[in-house]
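Derivation of every value follows stated rules applied to the coordinates shown; laboratory data play no part. Given the structure is predicted, the values throughout are model-derived calculations rather than measurements. Neighbour counts are summed over all protein chains in view; Cβ atoms, including those assigned to glycine, are modelled from backbone coordinates with ideal geometry.
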Amino acid sequence: MNIVARFEIPYYQYLNETSTVIDTLPEFAQDPQHLQRLYRLMVLIRVFDSKAIALQRTGKLGTYPSSRGQEAVFVGMGDALAKTDLFVPYYRDFGTLIQRGAKLSDFLMYWGGDERGNSYSDDKTDFPFSVPVGSQPLHAAGIASAFKIRKEKRAVLVTCGDGATSQGDFYEALNLAGIWQLPVVFVVSNNQWAISVPRSAQTGAKTIAQKAIAAGFSGEQVDGNDVIAVRERVASALKKARENNEPTLLEILSYRQSDHTTADDASRYEPKGVRETEWVKEPIGRLRRYLESIQAWSETDEQKLLAECGETVDQAVAEYQNCPPQPIESIFDYLYETLPDIYAEQREDVKKKEVPVHG
Amino acid sequence: MNIVARFEIPYYQYLNETSTVIDTLPEFAQDPQHLQRLYRLMVLIRVFDSKAIALQRTGKLGTYPSSRGQEAVFVGMGDALAKTDLFVPYYRDFGTLIQRGAKLSDFLMYWGGDERGNSYSDDKTDFPFSVPVGSQPLHAAGIASAFKIRKEKRAVLVTCGDGATSQGDFYEALNLAGIWQLPVVFVVSNNQWAISVPRSAQTGAKTIAQKAIAAGFSGEQVDGNDVIAVRERVASALKKARENNEPTLLEILSYRQSDHTTADDASRYEPKGVRETEWVKEPIGRLRRYLESIQAWSETDEQKLLAECGETVDQAVAEYQNCPPQPIESIFDYLYETLPDIYAEQREDVKKKEVPVHG
Amino acid sequence: MAEISLVEAITQALAHEMRADADVVLLGEDIGKDGGVFRATQGLIDEFGPERVRDTPLAESMIAGVAIGMATQGLKPVAEFQFMGFIYPALDQIINHAARLRNRTRGRLTCPVVFRAPYGCGIRAPEHHSESTEAMFAHTPGLRVVIPSSPARAYGLLLASIRNPDPVVFLEPSRLYRWAKQDVPDNGKALPLDVCFTLRTGADVTLVTWGAMVKETMAAADALAKEGIQAEVIDVATIKPLDIATILASVEKTGRCVIIHEAPRTCGVGADISAQIAEQGLMFLKAPVQRVTGYDTIVPYARLERYYLPSENQIIEAVNNVMEFA
Amino acid sequence: MAEISLVEAITQALAHEMRADADVVLLGEDIGKDGGVFRATQGLIDEFGPERVRDTPLAESMIAGVAIGMATQGLKPVAEFQFMGFIYPALDQIINHAARLRNRTRGRLTCPVVFRAPYGCGIRAPEHHSESTEAMFAHTPGLRVVIPSSPARAYGLLLASIRNPDPVVFLEPSRLYRWAKQDVPDNGKALPLDVCFTLRTGADVTLVTWGAMVKETMAAADALAKEGIQAEVIDVATIKPLDIATILASVEKTGRCVIIHEAPRTCGVGADISAQIAEQGLMFLKAPVQRVTGYDTIVPYARLERYYLPSENQIIEAVNNVMEFA
Ligand SMILES: Cc1ncc(C[n+]2csc(CCOP(=O)(O)OP(=O)(O)O)c2C)c(N)n1
Ligand SMILES: Cc1ncc(C[n+]2csc(CCOP(=O)(O)OP(=O)(O)O)c2C)c(N)n1
Ligand SMILES: [Mg+2]
Ligand SMILES: [Mg+2]
């Protein structure tokens, strides 16, 4: 018996849960202004999130999946992406997309049940959310193939949850990226739950990062409550993708500090006290304490920021609520480039349709 | 940065390509009679194989996938299986199934286009061949779940090719086996080709064995030209499955010494000379030379065996050719336990159908 | 006795059969502690334990393939897909394996699985949560497709499906999950598969429907009755194999037929029913058979989804049309 | 000019379009050096290189998903599935993504992919190699389904499909791959999508068919002509969206219609055509529309598969039946 192959999985963290710097900070993180920018974005996400949940509770929005606890993941990714890269998000990723040109109101439209929410105001290249869990990594592999065929130095970043890693499509995408050497970064936002199924019941693998070994490239664990680590590892993986067509799998660890969506009730399955225990690792407080420790943040800054965020979010809500509905016949207008004649009659028919108000 | 997980992949071989014993032989292999039994089976497979190809060439059989070069894989597995285990084969595995109670004529029926070939004369529990590549490991996981639920000490052995390991279903099955701790052994018969696609273009992973790491259990490479290694590692994995509900992935390495099937022409894509280079590792000659070296085999034995095998195969061919066709209406008779009334008319209709002889 | 909803009737049937038959096991995403996203398996893990109520990893092809493997060993798995829109990754396992295992082994191995999924639109769920592609399964030889439209039929047909020795795709109209409640005695009595249920008799026109559209169809029949038109309403219930005899007998009586379904019009199951009436019932038709269906478009997001669904008015209009023929 | 077979016409169309448009890329299993198991891509890797003729790992969902990703970036991928029976793992990607990407992004992202697959039975291939489930795709809003039945139509329709800005499922009848040869000039002229082709005109009966059944249908029409019955033969060609106008116009003329397809009868595309004729053409029908189809059973293994396929005799018999009505 010989050993023919050996592998190892690293774990990255810069700012630990007590806001102590435990490794040499990457260059960007030595600039307090950069960290403040990341901080502001995380807070904006959290404020938006609470608002969206409130809107849903009062019947003004559909089912909504919260970002609470995962803000550092989304902000770190958005900050690491280059404008020319392409982003393929899953349904929790609005925090990344708002850094790419999408507007907060786009997401209210989307979760409010309006397709125009996928138009992404000033971001015309990124993908819309993927709802079929685990299907989108294949799209990312296809996009990365196109970039490589055209010899463009662009990377693709695709995200999914820990649950999604059990899907065959996830694996097929990794396998292709490994063999075709595609410029793609796979991020698994491991928030420890897939609705009610804990990470421990999703796979027998010790880490999700090691799933990259099956595809022959490297996988890493990253502390997802440390926005510095997220930003740094995603940027480094994107660089390898752009420059060497080298794929990477990043498992970014955090904790879902909310129900799965507003349609869920986590108290049915989440063990008592865990959420609170996990809260001490939470990313926003962690960065704030660090910024305060280097005198780069104050209570005044905080109050000002909260007020600003409140205003931004209120404005998004107003945009959403003032947006007139789509014409009814629009349900036919994007099915094909040109609607085949035989459907014209149906398109006329729907215009005349009266629909009862009740469900 | 910390290392949070480490893995390694072992490779097993007892009898190397010069028929030298390079490791302490497992107990069974110290019994020359046992090795002779394995040898006889490998030769039978090869004789059958040539006959089947000849039948296909003369229009007496449909498309047929040869076992040539992989005989040790099939024989080693069949010998390792316990009667009470369950076997889920892929389409090259008749060499295993004949050790389980299926008859050679069953396979001529199957490849000759007759569903009754799946009845497996004296083997009523094993699965029929799976043609949709990579789909069957999930069935094995399901069967293993049933065994575990019923607390039966039985293992499931499932096989597929190297190409099949790119399928999502393959991975989903491994993942489930890892998390549910199922008594299942996954064998990948890596013959280096998936039709025209070489192993090197199928996955970027250095070994296929390491795909088990993604599912959190152990994977090994085994020399598939060494029937002793195959028998030993499969038996050991089955034992772990039966006794500890522990899954294993075995990548068994050999070389496809034939076209993919009789419908294929490997000269279109197989580099010249490779098949010949690989032939020196071939399993039958390897074992014969070893048996001869311990005075357990002679030219007389060989001639007698070849004559016996020829007879056995001829008898199978006669059984196949003498088997009257199924009644035409049988195409309806196994669709449901009881054919729903509305299809009765179709069943009557097909009985009256005259069909032109020509294609 | 307390009245229960359709989804509660599903739970009641599952619990009944799990008590009666130790071989019945459930598997699916979030069916354990969570009780399923619609609560169809609520409480079952407490009574039957996690061995028989199995939360799976998130992989639909796996759910189907594993259920098939279990079924061949004499278990009777009931596999839940969270929404019909997520059943597609499992189609290969369902079509290429479940539907043909008995046939390809000449009866040696069988596949008594029930594949359950909530289906249909109208609950303001996100995209991909509104599919009604029962026609795909109805086109597949070897499958049964069963769709209940009331708590009582949900209970009786689910019991029958679990006891059936062949694979059944069991589609539950999510729009009706909590709609009308009914007294459903937990007596273990299955309803027959492979037959239609006549929900209302009438001599003037036959309305053929299934699933959630039973709601609008019954409402339309009530409204029509007030105008003096007596509609016979048939709930197809088993979509495959189709009980065309009951439908033909009704159309023979009424001479008029409107078929209502939620799925897109083209190649929906309504087309097949219409074609069969045209083949076998042309002589007694007083008017062309009409279909009132979903449009040939993707179900719109929540804001416009009600426009996709056939409405009571459309059904009434179609009936008025067929009544106009002499 | 040499005559070429249907499969050679496919190769010719692919080569033409790859020369004309650098964005066209091919992907699939064994399409490179091997030229595909039916040789549809023979020689293309030599001319266009492995970047544009890409052998993929063995994973059909991957092939579809990757093609979708490529298509959104302006490439025009033509993805080959080795047999239609192996397309099922890709259905999720095709239905949930390809078919609705334009719609869900209000036109921001589009998906100009061609999904090619050999389809149908009758070539004595192993099990799962004989599927004809075009109805599943025809039921899916957002897709086009195109099926050629001659070398010329294979060439012209494949060019049109590649140039089409939306996803096309392009099904090639493997039974016809090497059947009749035809002169097919390599002139880059596409044929129109979304319309039927009338292969033969006749006043007595309309025969509607597509794919490999065109062979038996034309033979039946010849035989019928000898008995004095003039059949009009329509090759539907684009199954979705269906050119019902051409079919109705023909049935208006002949008053009689027989629909022939290889797929199982129940919920096949024939049902929808029949239903549409019943809805819109009842007034000019002289006899009930008949369907001659594959049975509602799994395609038998090679020894009995010819019994599954509709035969020339069955078509003639059906025509004689519809002719009997006054
Ligand atoms: C293919 C598919 N199956 C099931 C669902 C229903 N569903 C939506 S989210 C979800 C859990 C996803 O968990 P994870 O991937 O960990 O992402 P998270 O929501 O935790 O961020 C499930 C089962 C779906 N959307 N798609
Ligand atoms: C799902 C599916 N896709 C494609 C095929 C066609 N096909 C049959 S065998 C084969 C190659 C399989 O290669 P591998 O898994 O290495 O097994 P081997 O034949 O080499 O033993 C392919 C592509 C199939 N049978 N099933
Ligand atoms: Mg999660
Ligand atoms: Mg192989």
### Summary
Partner shielding of D:274-285, as the mean number of partner chain Cβ atoms within 10 Å, equals 6
### Message
Counting only other residues whose beta carbon sits under 9 Å from that of A:Asp122, what net charge do I get with K and R as +1, D and E as -1?
### Response
+2
### Choice from C:Leu58, C:Leu14, C:Leu285 showing the highest fluctuation, given a GNM over chain C with Cα pairs closer than 10 Å
C:Leu58
### region B:99-257 - convex hull of the alpha-carbon atoms, volume per residue in Å³
120
### Centroid-to-centroid separation of region C:233-308 and region D:236-311 [C-alpha atoms, Å]
17
### Query
What percent antiparallel are the DSSP beta bridges of the protein assembly as shown, to the nearest 5?
20
### Message
To test your reading of the geometry: what angle, between 0 and 90 degrees and rounded to tens, separates the Cα axis of helix C:151-163 from the longest principal axis of chain C?
### Response
50
### Message
Between C:Gln280 and B:Asn244, what is the label-point separation in nm under the 7 Å Cα-to-beta-carbon projection?
### Response
6.1
### Shielding by other protein chains, C:113-124, mean Cβ within 10 Å
1
### Query
For region C:197-323, what ratio Rg/Rh do Cα atoms give with a Kirkwood hydrodynamic radius?
0.95
### Message
So if I take the centroid of the Cα atoms in region B:117-134 and the same for region D:48-108, what is the distance between those two points in Å?
### Response
32
### Summary
Taking the axis of the rotation relating chain A to chain B, the A residue whose Cβ comes closest, together with that distance in whole Å, is A:Gly168, 1
### Query
When DSSP assigns beta bridges and you keep just the ones with both residues in chain A, what percent turn out antiparallel, to the nearest 5?
10
### Summary
Listed residues D:Ile229, D:Ile63, D:Ile247; largest mean-square fluctuation, Gaussian network over chain D with Cα springs below 10 Å, found at D:Ile229
#### Entry: Cα centroid of region D:146-205 to Cα centroid of region B:142-206, whole Å
41
### Task
Please identify, among C:Arg256, C:Arg104, C:Arg124, the residue showing maximal mean-square fluctuation in a Gaussian network model of chain C using a 10 angstrom Cα cutoff.
C:Arg104
### Query
So for the protein assembly as shown, what percent of the C-alpha to C-alpha distances run longer than 61 Å?
12
### Kirkwood Rh, angstrom, chain D [1 / mean 1/r, Cα pairs]
20.0
### Message
To test your reading of the geometry: what angle, between 0 and 90 degrees and rounded to tens, separates the Cα axis of helix C:269-281 from the longest principal axis of chain C?
### Response
50
### Task
Using DSSP, restrict attention to beta bridges with both residues in region C:197-323 and report what percent are antiparallel, rounded to the nearest 5.
20
### Query
Measuring from a point 7 Å out along Cα→Cβ, what nm distances, shortest first, does A:Ile294 have to its partners in the other copies?
7.0
### Query
Using alpha carbons only, how many degrees (0 to 90, rounded to 10) separate the axis of helix C:213-226 from the longest principal axis of chain C?
30
### Query
What number, rounded to the nearest 500 deg cm²/dmol, is the helix-based mean residue ellipticity at 222 nm of the protein assembly as shown, given -39500 (n - 2.57) per DSSP H run of at least four residues and division by all its residues?
-11500 deg cm²/dmol
### Query
Considering only the label points, 7 Å along Cα→Cβ from Cα, what distances in nm to one decimal separate B:Arg150 from the same position in each other copy, shortest first?
5.7
### Message
Students often forget the sequence filter, so: which aspartates and glutamates lie under 18 Å Cα-Cα from D:Lys286 once same-chain residues fewer than 8 apart are removed?
### Response
C:Glu279, D:Asp204, D:Glu232, D:Glu252, D:Glu317, D:Glu324
### Task
Excluding residues fewer than 8 places away in the same chain, name every one of the lysines whose C-alpha is closer than 17 Å to that of A:Lys103.
A:Lys51, A:Lys83, A:Lys124
#### Entry: region C:197-323, relative contact order in percent, only Cα pairs under 8 angstrom and at least six apart counted
29
### Task
Could you give the C-alpha radius of gyration of chain A expressed as a fraction of 2.2 N^0.38 Å, taking N as the number of residues it contains?
1.04
### Query
From the label point of B:Glu27, set 7 Å along Cα to the beta carbon, how far off in nm is each other copy's matching point, shortest first?
6.5
## Note on the structure
Partner lysines whose C-alpha sits under 23 Å from that of B:Lys353, ignoring same-chain residues fewer than 8 away, are D:Lys215, D:Lys226
